[in-house]
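Step one of this worksheet: look at the structure below.
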Amino acid sequence: MIPFNIPLVTGKELHYIARLFKDRKFCGDGVFTDKCNKWLENNTKAKRVLLTTSCTHALEMAAILADIGKNDEVIMPSYTFVSTANAFVLRGAKIIFVDIRPDTMNIDESKIQKAITKRTKAIVVVHYAGVSCEMDTIMKIAAEFNLLVIEDAAQGVMASYKGRALGSIGHIGCYSFHETKNYHCGEGGAILLNDSRFIERSEIIREKGTNRKQFLRGKVCKYTWVDIGSSYLPSELNAVFLFANLEVAEKIRKKRLKLWKRYYDKLSDLGKNKSLELPNIPDQCEHNAHTFYIKLKDNHQRHLMIDTLRGSGIQAVFHYIPLHTSAAGKKFGRFSGKDINTTRESEKILRLPLYFDLKITDVDYIAGRIRKFVNG
Ligand SMILES: *Cc1c(COP(=O)(O)O)cnc(C)c1O
């Protein structure tokens, strides 16, 4: 059986965890959290990066930092994970869903302006599969209408747009280190602060709304409750696990890209003769091979393909029932304009196994099975 994902183990994790036992320091913001924050700052050029317990929590912090409240509207694609919307709904906002581009599955930047009203506070972009949204256009619209841009870059670690790291382009960026992502610690995330006005407050919100961080730096003599917040910092056990991934990040990136390219090369003729669709990477985007997907004709053909692959011991999966069609999505949001691409394209997509320990020969086998199906 070739599963869809096998979480990465680098081999260094237990060695590092043993060091925590020696030092007896397990709670958050220790040496390894600091190492991860610095590593991420160096590699993204974000002004400040803080590890969080998840990308979901990084998004919740972003919603608090953006001062989202009742009657505010937040623009985002409907083709995304629930956390992108939940974070803002938790603060009372209405979600305005905008259609996606079929070529990247990302928000269609040309349809954003029409969705803006007096109540709009922020645009949340999702870089699907680690392929960037059209950020220059989106940042220009945001500047014109005085809106914040928050990047859900859960899938975008080590990917870039015109040479800039995803998550470092908008005002705030959010990363995921869930075990299904390229770099992980089981459950984890990070918030990237690219606008210095958010840095101090983000430290407070992450520490239960206290100024504990300033206290530890000796800036105040007592720490106390100063703002709303929650416990958004991970334990050192998570940080140390993540560090074992980050220190070999380049090796992981290269391996994933190699597997991705093999799929692409092996299936490219089927893409050319339109038997199926292959992913598109715009010139200005450097992706991170977060996922390799193909697109079938429709939901029916997709299910036949899933069954065929399963019969060959291959687990292929799809995801994202468009949020605007879900029970909560209907309650907390509305779709701006017509859903031309979101539902149709989401019903075509099929994600193939892609993980560090996958073998090139596995990719060849999977591509061969797909070819057999397509050729009837
Ligand atoms: C994985 C993912 C999340 C959630 O990440 P967690 O770290 O599991 O909270 C949010 N948004 C997108 C687009 C994701 O892919």
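Each reported figure results from applying straightforward, stated rules to the coordinates on display, with no laboratory input. Keep in mind it's a predicted model, so treat the numbers as computed, not measured. For neighbour counting, all protein chains shown are included, and Cβ atoms are generated from backbone atoms with ideal geometry for every residue, glycine included.
Structure notes:
- Candidates Gly92, Gly163, Gly209, ranked by Gaussian network fluctuation over the chain, Cα under 10 Å, top entry: Gly163
- Top positive-direction residue, dipole computed over the range 1-43 with Cβ charges, set Cys36, Phe21, Pro7: Phe21
- Footprinting exposure proxy ranking of Arg217, Arg19, fewest other C-beta atoms within 10 angstrom first, gives Arg217, Arg19.
- Rg/Rh (Cα only; Kirkwood hydrodynamic radius) as it applies to the range 286-340: 1.09
- Gaussian network model of the chain, springs between alpha carbon atoms under 10 Å - residue of Ala85, Ala143, Ala66 with greatest fluctuation: Ala143
- Rg(Cα) / (2.2 N^0.38 Å) computed for the range 281-376, rounded to two decimals: 1.29
- Each Lys and Arg contributes +1 and each Asp and Glu -1, all at the Cβ; summed about the Cα centre of the chain, the dipole is approximately 220 debye.
- Normalised by the number of residues in the range 139-255, the average gap of Cα pairs under 8 Å and 6 or more apart makes the relative contact order 18 percent.
- All-pairs Cα distance distribution in the range 167-293, expressed in whole percent, bin size 5 Å: 2, 9, 12, 15, 15, 13, 10, 8, 6, 4, 3, 2, 1, 0
- By the beta-carbon count within 10 Å of each Cβ, the least crowded to most crowded order of Cys285, Cys55, fewest first, is Cys285, Cys55.
- Whole-Å distance, taken between Cα centres, linking the range 134-180 and the range 21-57: 20
- Antiparallel content of DSSP bridges confined to the range 1-159, in %, to 5: 5
- Using just its DSSP H runs of length 4 or more, each adding -39500 (n - 2.57), the chain gives a mean residue ellipticity at 222 nm of -11500 deg cm²/dmol after division by all residues.
- Dipole magnitude (debye, nearest 20) for the range 184-324, charges at Cβ of Lys, Arg, Asp, Glu: 200
- Ranking Ile138, Tyr161, Asn341 by Cα position along the charge dipole of the chain, where only Lys, Arg, Asp and Glu carry charges on their C-beta atoms, puts Tyr161 farthest toward the positive end.
- Put the Cα centre of the range 327-376 next to the Cα centre of the range 219-276 and the gap is 20 Å.
- The chain: C-alpha pair distances exceeding 41 Å, %: 13
- The chain: relative contact order in percent, alpha carbon pairs under 8 Å with at least 6 residues between: 23
- 11 Å cut-off, amide nitrogen to a point 7 angstrom out along Thr117 Cα→Cβ, residues in the range 45-73: 71-73
- As a rough footprinting exposure proxy, the listed residues Arg164, Arg91, Arg24 were ranked by other beta carbons within 10 Å of their own, and the order from fewest upward is Arg24, Arg164, Arg91.
- Fraction of beta bridges assigned by DSSP in the chain that are antiparallel (%, nearest 5): 55
- For the range 233-332, the fraction of alpha-carbon pairs in successive 5 Å shells from zero, as %: 2, 9, 12, 16, 16, 15, 13, 11, 5, 1, 0
- Electrostatic dipole magnitude of the range 222-274 [Cβ: Lys, Arg +1; Asp, Glu -1; Cα centre; debye, to 20]: 600
- Neighbour net charge for Asp265 - beta-carbon separation under 14 angstrom, K R +1, D E -1: +4
- Highest GNM mean-square fluctuation among Lys94, Lys266, Lys22, for the chain modelled with Cα contacts below 10 Å: Lys22.
- With the charge dipole of the chain set up from +1 on Lys and Arg Cβ and -1 on Asp and Glu Cβ about the Cα centre, the Cα lying farthest toward the positive end among the listed residues Leu296, Pro282, Phe81 is that of Phe81.
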